[in-house]
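Asker: First the structure, which I've put down as structure tokens, then a few questions once you've had a look.
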């Protein structure tokens, strides 16, 4: 095989890789570009940037050994035109994606910092004396503030419960261990009712 044919074969391979990159970019949905797409563009861009040096070496060699230099210049011009156009398009997509994400992050942090400026009133724990009529309000408030809060350990949940009980409910719970209350509290109204009302 002659050197010219070997070089043309290599050049064809480089052109094929560029076409694959172009097809990939054309198939992207710009409106739904996500983090994964941006990362893939970045990786493909790195590969395609190194492609030009390889192409240039082969193309320069072809231009030196061929009789029809004008045809080779035309080949180079066509390749470079596509190469730079789609390289710029890929970089533009990445820039737009990063700009949009920074804008979203900035808006979220601005809203978060604005929320931190608001001083909400302190919510007092409800008191429960064992009355059926006040049970639901007590249960819902205590559950949302204390019982469902994973930052509070079990023993402190028990102490909050003790502090929230008064009257007959407080008397009944005085002798109960914290572990038993926690288990019963996880149950239904009847279970806590049994503890508090002595049912």
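Asker: Could you give the nm distance between label points at residue 6 and residue 30, where each point is 7 Å from its Cα heading toward the beta carbon?
Answerer: Placing both labels 7 Å along Cα→Cβ, they lie 4.4 nm apart.
Asker: How high is the relative contact order of region 3-116, in percent, with contacts defined as C-alpha pairs under 8 Å that are six or more residues apart?
Answerer: In percent, rounded to a whole number, it is 39.
Asker: To continue, here is another question. Find how much the distance from residue 40 to residue 171 grows on full extension, using 0.36 nm per residue of separation minus their present alpha carbon separation; answer in nm with one decimal.
Answerer: Computed gain between residue 40 and residue 171 is 40.6 nm.
Asker: Then there is this: Provide the packing ranking of 140-147, 26-33, i.e. peptides ordered by the mean count of other C-beta atoms within 10 Å per residue, highest first.
Answerer: The packing order, highest mean first, is 140-147, 26-33.
Asker: At 0.36 nm per residue, and after removing the present C-alpha to C-alpha distance, how many nm does the segment from residue 136 to residue 84 gain when stretched out fully?
Answerer: Between residue 136 and residue 84, full extension yields an extra 11.8 nm.
Asker: I've got another one for you. Full-extension gain between residue 145 and residue 102, please, as 0.36 nm times their residue separation minus the C-alpha to C-alpha distance.
Answerer: 12.0 nm
Asker: Let me ask something else about it. Based on the Cα gyration tensor of region 6-84, what are the three equivalent ellipsoid semi-axes, each the root of five times an eigenvalue, rounded to whole Å and given largest first?
Answerer: The three semi-axes for region 6-84 are 30, 12, 9 Å.
Since every read-out is calculated from the coordinates, none of them should be taken as a lab result. Please read all numbers here as calculations on a predicted model, not as lab measurements. Here the Cβ is made from the backbone with ideal geometry for all residues, glycine too, and neighbour counts use every protein chain on show.
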